[in-house]
Every structure is written in C-alpha cells, then in structure tokens.
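Enquirer: Sending over a structure as structure tokens; questions will come in a sec.
The values are calculated or read from the model by the stated rules, or taken from the named source; none is laboratory data. Computed from a predicted model, the values in this text were never measured in an experiment. Every residue, glycine among them, receives a Cβ derived from its backbone with ideal geometry; neighbour counts consider all protein chains shown. Only protein heavy atoms, including side chains, enter the accessible area calculation; ligands, DNA and RNA are left aside. Shrake-Rupley method; radii C 1.70, N 1.55, O 1.52, S 1.80 Å.
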2 protein chains.
Amino acid sequence: MRRLTVVLVMVLACAWPALAADPLPSWNDGNARTAILSFVARVTTHGGPAFVPPAERIAVFDNDGTLWGEQPMYFQAFFVFDRIKALAPQHPEWKDKEPFASVLKGDVKSALAGGEHALLEMAMATHAGTTTEEFERIVGDWIATAKHPKTGRLYTEMVYQPMLELLAYLRANGFKTFIVSGGGIEFMRPWAERVYGIPPEQVIGSSIKTKYEVRNGKPALVRLPEINFIDDKEGKPVGIQQHIGRRPIAAFGNSDGDFQMLEWTTAGAGPRLAVIVHHDDAARETAYDRESSIGRLARGLDEAGPRGWVIVSMKQDWRRVFSEPPAKQ
Amino acid sequence: MRRLTVVLVMVLACAWPALAADPLPSWNDGNARTAILSFVARVTTHGGPAFVPPAERIAVFDNDGTLWGEQPMYFQAFFVFDRIKALAPQHPEWKDKEPFASVLKGDVKSALAGGEHALLEMAMATHAGTTTEEFERIVGDWIATAKHPKTGRLYTEMVYQPMLELLAYLRANGFKTFIVSGGGIEFMRPWAERVYGIPPEQVIGSSIKTKYEVRNGKPALVRLPEINFIDDKEGKPVGIQQHIGRRPIAAFGNSDGDFQMLEWTTAGAGPRLAVIVHHDDAARETAYDRESSIGRLARGLDEAGPRGWVIVSMKQDWRRVFSEPPAKQ
C-alpha cells in the first residue's frame, strides 16, 4: 500500500500545485495580497457561489510599468533609438531630419520633444521594411544584449518579481494569462514566453500592417509603415475582444492607459478583480503618478476606491521589486 | 497491488489518450489517413528527428467547407437573410432598395446577383449597430434554432464528423487548434467551443470595427459598419500572424481561399502538413470544385501534388460525412 500512497500523493501534488507552498513569497501581508488570494480562492471553489469554470478564467496584464519597468522611458523607445543608429548608414537623410538627427547626436530629450507623435514616427521608420521573421530576430538579438541605462541590467531582468509570481500563481489556478499592452505586439512576442511564460498567441499589443508576398517562390509577411492598431486606453477593450473574444475576470495595470481595460473587466457579472500597481517606491525603483508623462496615473488613483479596485503599493506590498541579479560568471 | 495497477492504468490512460482506441474511426484506410497519422507520430516522437515541442504544435482550420458545409451558400448568408427579415420593420427603405428588397421577397438569387459585394453590404447592415454582447446573443439564438434548407438539420449538425475526430486527435497529441476563416469572427465564436472544442480566443475570422463607449456608466463595445479585417486568401497568413504570432505546422482547408494559408504553413522549416478537403461526394454531400462560385478549388488541385499537400476525397476517405442525427425525442 505504500507505493499506492506515493502514487496518489504525486497525482494530488500535480493536480493542486497551488497548495504546495506560499505562492506569492515576494508579496508582504496586506490588503493587496489578501484581495488577490481571496479572489482566486473564490473563483476556484467548486460549488461555491463565485465559481468560474477554467475556460473563463481570463486574466489580462498591461506590460510597461506593470510587468516590467518603464522609466526613464518606455524600453521599446531605447530599442527604437538603437535601431535608428543601426540603420543610419542606409538613411543619410536622417542626419538633417528631426527627430532622427537628435537621436544620432545622442540628444534624447530633443528627439522626444515631439511627444508620442515623434516616437510613433521613429517606431514606424525602424519597425517596418523587414519581414516578420527578420524583425523577430532583430528584437531577439537586441533584448539578449541591450542594457538599461541606469541599472546596467538586461531589460528582461527589469521585470517585477512579485508579478512573475502572480502570473505563475494564476496559471496554477487554471487562469489563462494574456498581455494587453500599448507596446508593439511583435516587440514583446520574441521574449514573452521565456520571461513571463506567456506564449505569442496570448500577447496583444499595438501593431503595424503586414502584407503577404511570395518572392522567388518563398512566402513572407512584409511589415508596412502603416498603423494597424493602437492598443491603448479605449483600444484595450477593443483589442481584448478582437483577440480573446470574451471578457476577462481579472485585469492588472498601472496607468490611466489601463483604465478602460479595468473598467471593461469589472463591468462584467460575477466576481471581478482589478489591480493597479502604484509606483511609489523611489528607493527601490522610481516614484511617479499624476505628473508623469510616462505611465501617468491620476484617474485610476481617484476612482480605484469607489470602484473597488485594488491599489498595490510597490513600497508597502512588495518584499522585493526585481529578482536578484544572477551571480557573475 | 491490484489497486496500484488500476491507478497506474488510469494515470497512463489520461496521459496518452491517443493510444486508447482508433482516434479516427470515421476515416477509411488510405493515403490521407496514413499521412495524418504519420505526421502526428513524427512530430510527437520525443528524441526523434522531427519532434516539435507542444508549444509549437499549432494547427489551423478553415471553417466553411472544411469543418462544416457551405452549400448551397455560406451558412452565414442564411443568417444575414434572417437578420434582414427580422430588422425589416426598422428599415422601411429596404423594401425598395437592392439587394435587401430581393431578400424580403424571398428571391435569394437576385439578392446575390451582386456577388461578394452585395453579401458584404448586407452583412455590414445587419451585423453592425449592436453591442458585442447583443450580437453574441442574436447569433446564439439563431444557431440554436435555424435549419438548413435542404437537410432540415441544425447548422451545427452539419459539421463533418471526420473533422471533429481530427480536431480531438490533434488536441490529444498536444496541438492547439485554431479556426482561420473568411467568415465573421463573432459569428463563429458563440458556438465554436461547444461544437468544435475551440475557445473564442482561438477563432480568427473576418471582422468589422468596434468602438468602446460608456453609456450611463455602463461600458460597451459597439459594432460599427466598417470593415476591420478580411481573413481570406492573402489575409489568412496575416490573420495568423496577428493572432497567433507563430507559423502553424499543420493547416486544413478546402478551397483556393485557403491556398496562402497552406503555402505559408508548409514554407516553414521542419515537418509540415497541409490538407485539402475535396468535395467529391454528390451522394452524401455535394460535389464541386473548379467551377463553383462558393468554395472554388482549382489551384489547390493543380498544385497539391507537386507541393506534397494531401487531398482528402470525401467520397473515398470518409466512412461517414456527418454525425448521425440525434434520436427523435
């Protein structure tokens, strides 16, 4: 009978991995952690009044500022600048053309003086013109080597450890986890599976159009300098419907760009969870909200209370922010 | 020890369901069946030269003519006609306006004289103007009751039994199955999970634009009379990239509208499977290919051989076409 017991224990351990240990070791005890654990317990309790079948356990996560950092500017902007430098020999006209000229001079501030429009123009000029496979390779090479200007760490090391635990915890409880980001969909897909455990088909983001072409018998999808979709603000519920086709029951964001996603998620019937990550930890990361041009959070702070949304204080609720740096080799 | 044996057998049976019995009982022995079984065996053999990790086992299926029928016209067209009749009281102008007037007179042939353009105009006029949730309810009500004009069966009973077995067989072998159809994405999603086992987030199709609105504090996605995406021909690889973000290893279609999807799938490295369902069974279904205005198949027939694509003869390869009608109650 002992072997039978061993087999049964193994079977049970596989079936209920969430029982194994503390699933959120980087979260301090507090309202945020309690709200998350209680929500998951309620929707996974068979026969309970709030039970949600696994197929409907859809959780959506913003990326910039929610799963990884976004200061001093969106990490994709650093990629855009590096692409401008790499492509400059093929574009001699950029030397005299803003915002490209400022980037080439190393003057980021002037390059970004044109705001989102300037960033979009640069993204378009550097993200189009390749095939989807070439672009995937370019992103993969960059993300494997580029370093954050302040911490000197790889960008994929600037993901929030508590959020990685949360993603894994939700999946262990039958949730399907999606990214719903204003960032470029093809900028995130090449590394989202390795870093977050989120496969390409569960990444939703902004995109440019592509065109199917057969050249010399070889088919390719060519990336065009034309906006296809902006996955931000009112666009987030639209992107969710396009890709997922059902309303999430849990949503996680950090800025007012996520407001509509949280609003759409929590307007559904039954149990709902909306969480805003508040960047209030100047010591371990960066403190910003109402006045920030990147990741501005004002309406979310004002309305979270009355709407029953959970505010996560990075300072209070997170035992650690980033994972430990890997030991030097 | 006997109980241990029982437990182990149960564990093994759950882990390898494909071993249990004939996974494709409605398929006759022949080249098509052999090609499918051999492909699946190769990509799932651990350590073998053609092994594909489960995450990359993406299989895409056209819907009309591949998973369910499409004669005497696309089933969604019957839905469009029924919507025109239902909405006619709110649109008195339709009585004198083609193609709506012909539909209201019951003259389908004249209504469709304008070809795809006329169908698109009618789809737009009847599919927009509701919220996504209202539209889902309308489709759900229709699909639960509307009957095919020739067979008198529900449309969801006109799915191909051999293809249902194939979907289940692939999933049992670690494949993720997607629909990639020229039909409306929101027309398929309300019933695709129940009928095919394919969840909404794995349905790709043509779509109209939606707009996020908050009316009296209640958010909704409103459907607009404006094309968002046509998921046909060159659009299929584009839709696959947008939604899935990686190239499938297996693709199933029936018409030249699927050609590019099969071409894109088979142009990837490693083992690939492309299958065309050939409607050559006039006795049990409908025989059509090169000359048909719906589901035209010419280039696919010509090039399948040299490209190594598999042609399924419905007449030869399928033991049965549809599932048995349910017993009368």
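Enquirer: Taking the C-alpha atoms of the protein assembly as shown, how large are the radius of gyration and the largest Cα-Cα span, Dmax, in Å?
Expert: 26.4, 82
Enquirer: Separate question: Could you give the dipole magnitude of segment A:191-258 about its Cα centre, charging the beta-carbon of Lys and Arg +1 and that of Asp and Glu -1, in debye to the nearest 20?
Expert: Computed charge dipole of segment A:191-258: roughly 340 debye.
Enquirer: Moving on. Rounding to the nearest 20 debye, state how big the charge dipole of chain A is about its Cα centre with +1 on each Lys and Arg Cβ and -1 on each Asp and Glu Cβ.
Expert: Computed charge dipole of chain A: roughly 960 debye.
Enquirer: How much mean residue ellipticity at 222 nm does the protein assembly as shown get from its helices, if each DSSP H run of length 4 or more adds -39500 (n - 2.57) and you divide by all residues, to the nearest 500 deg cm²/dmol?
Expert: Result for the protein assembly as shown, helices only: -11500 deg cm²/dmol.
Enquirer: I would also like to ask the following. How many nm is it between the label spots at A:Ala21 and B:Asp107, if each spot is 7 Å from the Cα in line with the beta carbon?
Expert: My value for the distance between the label points is 7.6 nm.
Enquirer: Mind checking the mean number of beta-carbon atoms from other chains within 10 Å of the Cβ atoms in A:238-251?
Expert: Going residue by residue through A:238-251 and averaging, the value is 5.
Enquirer: Sorted by packing (mean other beta-carbon atoms within 10 Å per residue), highest first, where do A:140-151, A:111-122 land?
Expert: Per-residue mean Cβ counts within 10 Å order the peptides as A:111-122, A:140-151.
Enquirer: What are the label-to-label distances in nm, one decimal and shortest first, from B:Arg319 to the same spot in the other copies, with labels 7 Å along Cα to Cβ?
Expert: For B:Arg319, the other copies' label points sit at 5.7 nm, shortest first.
Enquirer: Oh, and also: Which of A:Leu297, A:Thr34, A:Thr130 sits farthest toward the positive end of the charge dipole of chain A, with +1 on the Cβ of Lys and Arg and -1 on the Cβ of Asp and Glu?
Expert: A:Thr34
Enquirer: Please express the shape of segment B:12-118 as an equivalent ellipsoid: the semi-axes are the square roots of 5 times the eigenvalues of the C-alpha gyration tensor, given largest first in whole angstrom.
Expert: Over the Cα atoms of segment B:12-118, the ellipsoid semi-axes are 49, 15, 14 Å.
Enquirer: I've got another one for you. Any chance you could tell me what percent of the C-alpha pair distances in segment A:70-176 go past 24 Å?
Expert: Percentage above 24 Å: 36.
Enquirer: Something else now. In whole Hz, what ³J(HN,Hα) sequence does segment B:21-35 give by Karplus (6.51, -1.76, 1.60; θ = phi - 60°), x for Gly and Pro?
Expert: Here the 3J(HN,Hα) series is 8, 4, x, 10, x, 8, 9, 6, 4, x, 4, 5, 4, 4, 4 Hz.
Enquirer: Can you list the residues of segment A:207-229 that have at least 50 square angstrom less accessible area with all protein chains present than in their chain by itself, probe 1.4 Å?
Expert: Residues losing area: A:Tyr212, A:Pro219, A:Leu221.
Enquirer: Same structure again: Summarise the partner chain shielding of B:191-200 as one whole number: the mean count of Cβ atoms from other chains within 10 Å of each residue's Cβ.
Expert: 2
Enquirer: Check which residues have an amide H placed less than 5 Å from B:Ala274's amide H, if you skip close sequence neighbours.
Expert: B:Ala251, B:Val310
Enquirer: OK, next. Given Cα positions, please report Rg to Rh for chain A, the hydrodynamic radius being the Kirkwood one.
Expert: Result for chain A is an Rg/Rh of 1.00.
Enquirer: Another question about this same structure. Under a plain spin-label model, where a point goes 7 Å from the Cα along Cα-to-Cβ, how far apart in nm are B:His46 and B:Lys211?
Expert: 5.5
Enquirer: In whole Å, largest first, what are the principal axis extents of the Cα atoms in segment A:136-220?
Expert: Over segment A:136-220, Cα extents along the principal axes are 48, 36, 20 Å.
Enquirer: How do the peptides B:268-281, B:290-303 rank, highest first, by the average count of neighbouring beta carbon atoms within 10 Å per residue?
Expert: B:268-281, B:290-303
Enquirer: Between B:Asp96 and B:Thr151, take the C-beta separation as r, use R0 = 35 Å, and let me know the FRET efficiency to the nearest 0.05.
Expert: Taking R0 as 35 Å, the efficiency between B:Asp96 and B:Thr151 is 0.55.
Enquirer: With r defined as the distance between the Cβ atoms of A:Ala86 and B:Asp82 and R0 fixed at 60 Å, what FRET efficiency is calculated, to the nearest 0.05?
Expert: 0.60
Enquirer: Quick one: helix A:2-15 against the long Cα principal axis of chain A, what's the angle to the nearest 10°, folded into 0 to 90?
Expert: Compared with the principal axis, the helix lies near 50 degrees.
Enquirer: Based on alpha-carbon positions alone, could you give the equivalent ellipsoid semi-axes of segment A:237-307 from the gyration tensor, as √(5λ), descending, whole Å?
Expert: Ellipsoid semi-axes (Å, largest first): 25, 13, 11.
Enquirer: In nm, what does the list of distances from A:Lys147 to its counterparts in the other copies look like, shortest first, when each label sits 7 Å along Cα to Cβ?
Expert: Relative to the other copies, A:Lys147 has label-point distances of 7.4 nm.
Enquirer: Stokes-Einstein D for segment B:56-109 at 10 °C, 1.306 mPa s, Kirkwood Rh over Cα pairs, in µm²/s?
Expert: 121
Enquirer: At A:Glu121, label 7 Å along Cα→Cβ: distances to the other copies, nm, ascending?
Expert: Result for A:Glu121, in nm, nearest copy first: 4.2.
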